[in-house]
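Accompanying notes for the structure given below.
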């Protein structure tokens, strides 16, 4: 099965759970053809297929409730219940029970592809070492959330640099297209449940964002409240791609809320799973951090080490995971991930070339 057939079968499987938005899905396909890094971000379902082929040993590593679709642009900021600025993973659409090594290898792979795309400047070797060093140390430590104040103050300038100005942010919200169709009942209930007061009037809009979930419906409730604007977004969720790999077509639990609740984490009180909708607050200080938005002067090794630490925070939410992972890591050689990583990266590049030349037939093969 090549990437074209795999994508067709996966998207057909998705329609058992949600109605895909055709225009957004076309956008996703074009974005996937634009470069290898966004292609990787948009094809976690294919990653799982390759993992079964190239990671036989690592697939037997201790199991945790993990992120799945982890990558270097799946980190952002939010405010916790105390109003503190917090940094960490901000998307758990693909959460499922997985070998802890899968998340590590995928995070390293994404760093490597970001380096090839000139989004990061350190070497792939140093990036991998930083991720594994941070992860291993945090597992041993027992975890700690990233509150951007005292102990993790170094991260604050990186996060604040990416935060959009309130004026620009709300201009973008105002410019979103108004939705004129029939609103799914679940989306309305999810949005209204998270608005600051019951019965608050709002304008319903649509939004296109992300890569992996492009094609899933997104609705934004935009309202005026006590002298300022507020926004809440509801995004349609489906079970993890792991269910597709296993051939599951019936009801499957979505583990988004479970991974939020279990991780070593300062919870965002404005993120909640409602049926098959994930609803969250949208605001200038609640946003994903794109690599392009980082300041030119930054300690990338320190940042990747923090990403490894945050991944450990998430895995530590699985009971007994710390001891099991520490024991497993102690029994592995240095650079234990390299053979599988190299095979996965090579497979991604083959798939990307096939995809790019199919979507845009005049395109040239990519350079690894």
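The values are calculated or read from the model by the stated rules, or taken from the named source; none is laboratory data. Keep in mind it's a predicted model, so treat the numbers as computed, not measured. Glycine also receives a Cβ, built like all others from the backbone with ideal geometry; neighbour counts cover every protein chain displayed.
Scanning region 169-184 for residues being in contact with a strand residue (DSSP E or B) (Cβ under 8 Å, 6 or more places away or on another chain), surrounded by fewer than 17 Cβ atoms within 10 Å (Cβ to Cβ) and not in a loop (DSSP other than H, G, I, E, B) gives a total of 2. Taken over region 112-125, the criterion of being within 18 Å of residue 295 (Cβ to Cβ) and touching a residue at least 60 places away in the same chain (Cβ under 8 Å) is satisfied by 114, 119, 120, 121, 122. If you check residue 132 against the conditions, is it in contact (Cβ under 8 Å) with a residue 40 or more places away in the chain, touching a helix residue (DSSP H, G or I) at 6+ places or on another chain (Cβ under 7 Å) and part of a helix (DSSP H, G or I)? Yes, satisfied. Scanning region 185-221 for residues that are under 30 Å from residue 16 (Cβ atoms), without any contact (Cβ under 8 Å) to a residue 40 or more places away in the chain and assigned to a loop (DSSP other than H, G, I, E, B) yields a count of 2.
Hey, could you check region 286-304 for residues that are touching a strand residue (DSSP E or B) at 6+ places or on another chain (Cβ under 6 Å) and either in a helix (DSSP H, G or I) or crowded, with 19+ Cβ neighbours inside 10 Å (or both) and say which is modelled with the lowest pLDDT? Don't jump to the end; show me each part of the working.
Within region 286-304, the first condition is being touching a strand residue (DSSP E or B) at 6+ places or on another chain (Cβ under 6 Å), and the residues that meet it are 286-289.
Checking which are either in a helix (DSSP H, G or I) or crowded, with 19+ Cβ neighbours inside 10 Å (or both) leaves us with 286, 289.
Values: 286: 87, 289: 82.
In this case the residue turns out to be 289.
If only residues of region 254-267 that are in contact with a helix residue (DSSP H, G or I) (Cβ under 8 Å, 6 or more places away or on another chain) and part of a loop (DSSP other than H, G, I, E, B) are counted, the one that is farthest from residue 314 (Cα to Cα) is 267.
Hey, could you check region 226-242 for residues that are assigned to a loop (DSSP other than H, G, I, E, B) and over 16 Å from the mean Cα position of the chain (by Cα) and say which is surrounded by the most Cβ atoms within 10 Å (Cβ to Cβ)? Full working, then the answer.
Step one: list which residues in region 226-242 are assigned to a loop (DSSP other than H, G, I, E, B), which gives 226-227, 237-240.
Keeping just the survivors that are over 16 Å from the mean Cα position of the chain (by Cα) gives 226-227.
On the way: 226: 7, 227: 5.
Applying the filter and picking the extreme gives 226.
Restricting attention to region 305-325, which residues are surrounded by 14 or more Cβ atoms within 10 Å (Cβ to Cβ) and closer than 20 Å to residue 58 by Cβ?
Pass one, region 305-325, residues surrounded by 14 or more Cβ atoms within 10 Å (Cβ to Cβ): 305-318, 321-322, 324-325.
Correct list: 307, 308, 311, 312, 314, 315, 316, 318, 321, 322, 324, 325.
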